[in-house]
Every structure is written in C-alpha cells, then in structure tokens.
1. Considering only DSSP states other than H, G, I, E and B, which trypsin sites (Lys or Arg not before Pro) in segment 51-109 qualify as loop sites with at most 14 other Cβ atoms within 10 Å?
2. Say each of His62 and Ala44 gets a label point 7 Å from the Cα, pointing the same way as Cα to Cβ; how far apart are those two points in nm?
3. Over what distance in Å are the Cα centres of segment 180-203 and segment 62-114 separated?
4. Could you pull out every residue, at least 5 positions away or on a different chain, whose amide H is within less than 5 Å of the one on Ala8? Hs are placed 1.01 Å off N in the peptide plane, and Pro or chain starts have none.
5. Could you work out the percent of alpha carbon pairs in the chain separated by over 29 Å, rounded to a whole number?
6. Find, among the GluC sites (Glu not before Pro) in segment 22-106, those assigned to loop by DSSP (not H, G, I, E, B) with at most 13 other beta-carbon atoms within 10 angstrom.
7. Just to confirm my numbers, what's the Cα centroid distance between segment 143-168 and segment 41-61 in Å?
8. Give the calculated FRET efficiency between Gln200 and Arg2 to the nearest 0.05, with a Förster radius of 22 Å applied to their Cβ-Cβ distance.
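Throughout, read-outs are computed from the coordinates displayed, never taken from laboratory work. Quick caveat: nothing in here was measured; it's all calculated off a predicted structure. Backbone-built Cβ (ideal geometry, glycine too); neighbour counts: all protein chains shown.
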Amino acid sequence: MRRFECRAVLFDLDGTLIDSAPDLAGAANHLREARGLAPLPLAALRPWVGTGARGMLKVALHLDPDHTEFEATRDEFLAVYERRLLQDTRAFSGVPALLAALVARGLPWGVVTNKAERFALPICRDMPLLQSAAAVVAGDTTTHAKPHPMPLLEAARRLGVAPEHCIYVGDDERDMQAARAAGMPGIVARWGYLGHGDIQSWGAEAEIEAPEALLALLA
C-alpha cells in the first residue's frame, strides 16, 4: 500500500465530506411540483448532484444551458436550495472520526469546492463538524473553479503548506484533474457521487472505500 507524506489534507465538500443530495434533490423537486410534475426519487437525482445546477435542471426539467428559460430557472433553483441548505444534509458516516483524527495528529485540513461561497461558507460555518476547517475555498473564491488548479493552490497558500505536501480527496473526475494540475496526490472518495465516468481513467493516486481508510495512507 502506498503511503503519502503530507502536512495538510484538502477535501471536496459535496459527495466527500457531506451528503447534500437530499437538499439539492428537494430543491429540484420543489421546482417540479411548482410546475405540476410529480417528484423524482432521490435515486434518480443523486448521481447528478456533482454536476451542480446545470445537471440537476437537465434531469429534473430537461433544461439545457442554451434554453431560453435556463438562467431564470437556475436562479429559482438556487434560491430554493439556499433556503434549505442544511435541512437534510448530513456528514457521511466516518467523516467525523476522520476529521477528529486529523486534528489529533496536528494535520490541518481544508475544503475546496465548486459550490459558490453563498452556499459553501454558511454550510462550513453552521455545521459544527466543519468549523475546524483551516481554509474554505469555494467555486467563486478564485477566478477559476476546478478542474483548474487555482482553488487548490489557494487553499494550500492559506494553510501555509506547499502544494506537494498536500493531498486532495474528492469524488469527481474534476477533483483528480485539479489535484494533478496542482501537483498534489488525488484520492478518490468512492462513497461519493462519482458522476458517470470511468473512475479508473481519472488518474488518481489512490481510491478509498470509506473515510477512515484515508488514515492508513498517511505516512
């Protein structure tokens, strides 16, 4: 088993630390019901959570970004989601123990997400579990979002740790692309949403089945 020498751990948010699918799906179904449509089961919406509003609206309402109603509907979706950010969102099993273990080891950790600050910052502020994050970089904190490396590099800068001494854990191909571009080992969180691609082609340094398994990879 390969082990990684690191001085900080960075995590994606949705699908890695927290399961926000119930609230995002709830917002999508709110829009469906407002249009006289039956709600979709969580299982139908869950795989699209990692694609953000664009993916959710495509599945829930068959709206693509080039549709004339897309922008207004996206704003409606985000407003509904903002009102229920933490209604049903929970940490994944094993995440609290993992974060506590990192803190006990004196390893700083942070969040790098493509979620906008208007959502990411309140979530990290209001979930006690996430309040020990030493850095939170959202999708609009820097001028580029993942898969660009800039958000990961900014998080490393805020932590005062060289990028090559960080690792990044995420559940999407963009996470692995961003980690590679930033010079960090990328670890796939297999309990996450994972999208629709072939994980083996993502170029990750490792894959873990449960949050606690990360500890065994740290030298």
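1. Arg105
2. With each label point 7 Å from Cα toward Cβ, the separation is 1.2 nm.
3. Here the answer is 18 Å between Cα centres.
4. Amide H neighbours of Ala8: Ile167.
5. So the portion of pairs separated by more than 29 Å is 23 percent.
6. In loop regions of segment 22-106 (DSSP not H, G, I, E or B), the sparsely surrounded GluC sites (Glu not before Pro) are Glu69.
7. 28 Å
8. Efficiency computed from Cβ-Cβ geometry: 0.85.
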